[in-house]
Amino acid sequence: MDTELTTEPKKSKKILPRIIISIVVVIGLIFLVKEVWYAIHHEETDNAQVEMRLVPILSRVSGYVDKIYTDDYTSVTKGQLLMVVDSSELVLQLQEMQADYIQSLSDIENAMAALVNAEASLASSKANVEVTRLRVSKTANDLKRDKNLSEGNAITQKQLDESQSSFDISTKQLETGQIDVRVAETRLTVLSSLVKKAQAQAEIKKVRIDQQKLKLTYCRIYAIADGKLGKRNIDEGQFVQAGAPLFTIVNTSSQWVVANFKESQLKNVHVGGIVHLKIDGYPKLVVEGKIISVSDATGAKFSLLPPDNATGNFVKVTQRVPVRIEILDEAKFKDILRAGMSVVVSVPL
């Protein structure tokens, strides 16, 4: 009787581990079959991440940072003032340019006054030439008449010589007057050119003033897009060069996923196809996406030194092709997704 009781617990102790092992094996087989079934009916890659537009904020002028109105990782709106660069030197340069421009306006007035005087001088010279031409005509007639009278001995030789001298003098005066007219015309042309030159120089100085005023507006740096700032690279009092990066704005208005599929997987990847997205940061989150476009080049072709088998040293490596995926119901996940988050993308076959 006692022997039967002791053997029953021993048998139960042997059966229990077998039952547990059997359950574990069944669960493992179910899991394995599920994974195999999923792998057969899906193309999957974990080489994917969330992408957003990164908008750089650059300085367009050189100078010392006067004031910063934002901090790391803060939200900003388009048109929000981010920082101010000290503009004292630019203001002084502008004042100097404005004074120089006023002086150039005075130069234009002087040149135009000289031009008016030259025009008056030319008119006077032309008038003198006309008067001299009349005098030449009169002396020529007097000389002709006196020659006729001299042939009849009606006048003396002295009177004839005086008529000849008057004609010669008036002729020379006419030649001199005509030379003066040509000189005045040349001077008028030169002064007219000087007026145009002074006006052009004044226009150049005016444009430079406008450029300087534009530079002054660059001293106030605004956000050019909505989003969140990354880490700022400057502090108050620091000197910044023109073109130096100051901030980077993560534009949260649009989000998408870039998945790098192996070239052997592309036969099952088509534009317009629906995909499943698994975010590493939120493993239980169900996100769906839509394939928007497939790159016409592999990712390696965009590298600094793309591979080339022309050298004969090429080692064949499976290449990956970038695929852009639109996140469906993007607004629902806008507050939790971050640029650079890792994603697992699966494409149902």
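The values are calculated or read from the model by the stated rules, or taken from the named source; none is laboratory data. Just so it is clear, the model here is predicted, and its values are computed rather than measured. Heads up, the Cβs are rebuilt from the backbone with ideal geometry, glycines too, and the neighbour counts pull from every protein chain shown.
Sort out which residues of the range 203-231 are exposed (fewer than 13 other Cβ atoms within 10 Å of the Cβ) and over 30 Å from Ile57 (Cα atoms), and write them in order of number. The answer is Glu203, Ile204. Pairing residues of the range 117-137 that are assigned to a helix (DSSP H, G or I) with residues that are exposed (fewer than 15 other Cβ atoms within 10 Å of the Cβ) and among the β-branched types (Val, Ile, Thr), at Cβ distances under 7 Å and at least 6 apart in sequence or on separate chains, gives no pairs at all.
Within the range 256-269, the only residue that satisfies the criterion of being at pLDDT below 90 and in contact with a Leu (Cβ under 9 Å, 6 or more places away or on another chain) is Asn268.
Residue pairs whose Cβ atoms lie under 8 Å apart, sitting 6 or more positions apart in sequence or on different chains, and linking a residue in the range 12-30 that is outside any helix (DSSP H, G or I) to a partner that is exposed (fewer than 10 other Cβ atoms within 10 Å of the Cβ) and modelled with pLDDT under 75, do not occur here. Restricting attention to the range 321-337 and to residues that are touching a helix residue (DSSP H, G or I) at 6+ places or on another chain (Cβ under 9 Å) and assigned to a strand (DSSP E or B), the residue that is nearest to Lys290 (Cα to Cα) turns out to be Ile327. Restricting to the range 247-305, what's the tally of residues that are among the aromatic types (Phe, Trp, Tyr), touching a residue at least 40 places away in the same chain (Cβ under 8 Å) and not in a strand (DSSP E or B)? Final tally of qualifying residues: 0. Across the range 143-194, the number of residues qualifying as surrounded by 16 or more Cβ atoms within 10 Å (Cβ to Cβ), acidic (Asp, Glu) and out of contact with any Asp or Glu (no Cβ under 9 Å at 6 or more places or on another chain) comes to 1.
What residue, of Leu105, Leu82, Leu90, is touching a helix residue (DSSP H, G or I) at 6+ places or on another chain (Cβ under 8 Å) and under 30 Å from Pro245 (Cβ atoms)?
Leu90
Residue-level check: of (1) more than 30 Å from Ser88 (Cβ to Cβ); (2) at pLDDT 90 or above; (3) surrounded by 14 or more Cβ atoms within 10 Å (Cβ to Cβ), Ala200 misses just (3).
Within the range 104-123, being loosely packed, with under 13 Cβ neighbours inside 10 Å and among the small types (Gly, Ala, Ser) holds for Ser106, Ala113, Ala120, Ala123. Scanning the range 59-74 for residues that are loosely packed, with under 13 Cβ neighbours inside 10 Å and outside any loop (DSSP other than H, G, I, E, B) gives a single hit, Lys67. The set of residues from the range 232-241 being touching a strand residue (DSSP E or B) at 6+ places or on another chain (Cβ under 8 Å) and surrounded by fewer than 16 Cβ atoms within 10 Å (Cβ to Cβ) comprises Asn233, Asp235, Glu236, Gly237, Gln238, Phe239. You will find that of Asp180, Asp161, the residue that is closer than 13 Å to Thr132 by Cα, in the same structural domain as Thr132 (by TED's automatic domain parsing) and in a helix (DSSP H, G or I) is Asp180 and no other. When His270 is tested against (1) assigned by TED's automatic domain parsing to the domain that holds Ile327; (2) surrounded by 14 or more Cβ atoms within 10 Å (Cβ to Cβ), exactly one condition is not met: (2). If we scan the range 211-228, do we find a residue that is over 21 Å from the mean Cα position of the chain (by Cα), assigned to a strand (DSSP E or B), on the phi < 0 side of the Ramachandran plot and in contact (Cβ under 8 Å) with a residue 24 or more places away in the chain? Scanning the range 211-228, I find at least one residue that is over 21 Å from the mean Cα position of the chain (by Cα), assigned to a strand (DSSP E or B), on the phi < 0 side of the Ramachandran plot and in contact (Cβ under 8 Å) with a residue 24 or more places away in the chain, so the answer is yes.
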